[in-house]
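Before any comments, here is the structure.
The values are calculated or read from the model by the stated rules, or taken from the named source; none is laboratory data. Values in this document were obtained by computation on a predicted structure and should not be read as measured data. Cβ: placed from backbone, ideal geometry, glycine included. Neighbour counts: every protein chain shown. Heads up: the accessible areas ignore ligands, DNA and RNA and are worked out on the full protein's heavy atoms, side chains in. Shrake-Rupley method; radii C 1.70, N 1.55, O 1.52, S 1.80 Å.
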Amino acid sequence: MSNPENYELTGWIAKKTGEKVIPYFATTRDIRSALKHYHTHMKEEFDEIIAGYLKEARGGDEKPEDVSIIKLVDALIRYAYENRASDIHIEPREKKIVVRYRIDGILHDVAVLPKPLNELIVSRIKVLSHLRTDEHFSSQDGKFRAEFDEEHFDIRVSVVPSIKGETAVLRLLSQESRRFSLDGLGLGESDLAKINAAAEKPFGMILATGPTGSGKTTTLYAILKILNKPDVNIASIEDPVEYDIEGITQIQVNPKTNLTFASGLRSIVRQDPNIIMVGEIRDEETAGIAINSAMTGHLVLSSLHTVNAATALPRLIDMKIEPFLIASSINVICAQRLIRTTCISCIESYRMSEKEYALIKHDRTLEHLFQEVSGKKNIRGLQLYQGKGCKTCGSIGYIGRTGIFEVLEIGERIRDLIMEKANAEMINESAKESGMTSMFYNGVEKVLKGETTLEELLRVMRE
């Protein structure tokens, strides 16, 4: 019970059951989480809704098919929320609709629905998102708000026409995701200290790098949370604005009104900010304004698409930024990937198999990392961990994600290399000599601690 002192309720249960009632305290959140195991199975619920849709109308103010489609879309969103999905994909095929959820970065097929429902489902989503229901031949983007278990969250919608019908993708922006903290992202102690030191500087640039979906925006938001104090003015230009943060002026990029990253950034600079966040550096103009802002007394946070931290520096030079500006303005570069974490409810240890050992031996760099982190020259038969699958993780063996990071601090030696226009490989080697640990070193550490699995690390490395 969330309120064990509710004697009226315990007395009523004792009277009804004839048993002695011993109350135990549990939070409301945990009780709701436990009750999820007793919900109707998704397939059964969908079958019931579809059966209602197929029945003939029996009178009444509302048509049964209208009610059923409303229930069906609500059920799709509710199950996505309960299963921690970040995205819902509704994809029409030749004779069916496939519904897929992205959970911890991986797409899973969760339902197959009759093809005739596609138009009705997409129309319902368009109504919720205030999109044009009579437009079927151009893409549309929208947003609406949903509520489950007293939690409000935004859902971003993209509807795109395809040859088999309109495809809808819904992204769930849960408030739970806003409760991130910098020390909860998976950073090691030394890397965390580097980022905190860079965030305390009154000017300069902090860059987060990695491919799409690697958690760069989450890292930038986590830094903003630390910096968000009443005595500073913070402004951001984003595409899209993922989360609304109290106390920060957030601007949404809008190409239709010519509000680009570059034009928005120019406007922000005139608003007398202390701290500026640029969602992404995409072009030379944005890069130039961001670097100059970092040089002229602003702390600038931004992201860049590169494979590792060192590659960000030659990339900026390719964007026509002068090396001396890069060397004097960037404080730290954080490269990252997201990796699924082992379910702690069903984690078990095992000895590395011969097949896994062969995979590691095949990659000399990976073998060296395992030897270095484990402190053993012979890594055959090392103790590893995996989730065997349970109700908590939906028999997947993983629940949630964490980051693997490398944090490149711009010291004197790195500045000299930037001025010399050194390539990424030379910068990377110099950074390692200065104490930087690579993302995959961080990943191997997490594998040996049981935070993730070797299989998951290899998947992320291949990507």
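What to note about this one:
- Close Lys pairs in region 139-237, defined as Cα atoms under 21 Å apart and 8 or more places apart or on different chains, number 7.
- Across the protein chains, with a 1.4 Å probe defining accessible surface, the residues HIS89, HIS130 rank HIS130, HIS89 from largest area downward.
- Three-way shape label, region 162-271, alpha-carbon gyration tensor, a/c 1.5: oblate
- Annotation: Cα Rg of region 312-463 relative to the compact-globule expectation 2.2 N^0.38 Å equals 1.25.
- Across ARG459, ARG266, the residue with the most accessible area heads the list, and the full order at a 1.4 Å probe is ARG266, ARG459.
- Look at the alpha carbon pairs under 8 Å that are at least 6 residues apart: their mean separation over the length of region 308-434 gives a relative contact order of 42 percent.
- For the pair region 71-107 / region 352-369, the C-alpha centres are spaced 36 Å from each other.
- Principal axes of the chain: Cα extent on each, largest first, Å: 79, 59, 53
- Label zone at SER138 (point 7 Å along Cα-to-Cβ), backbone N below 20 Å, region 250-270: 253-260
- Cysteines not pairable in the chain (beta carbon separation under 4.7 Å absent): CYS334
- Taken about its Cα centre, the chain carries a charge dipole of about 900 debye when Lys and Arg each add +1 at the Cβ and Asp and Glu each add -1 at the Cβ.
- Once you divide the Cα radius of gyration of region 219-365 by 2.2 N^0.38 Å, the number left is 1.36.
- ASN228 paired with THR27, simple spin-label distance in nm, labels 7 Å along Cα-to-beta-carbon: 1.9 nm
- The accessible surface of the chain, taken with every protein chain in place and a 1.4 Å probe, is 50 percent carbon and sulfur.
- Antiparallel bridges, percent of DSSP beta bridges restricted to the chain (to nearest 5): 70 percent
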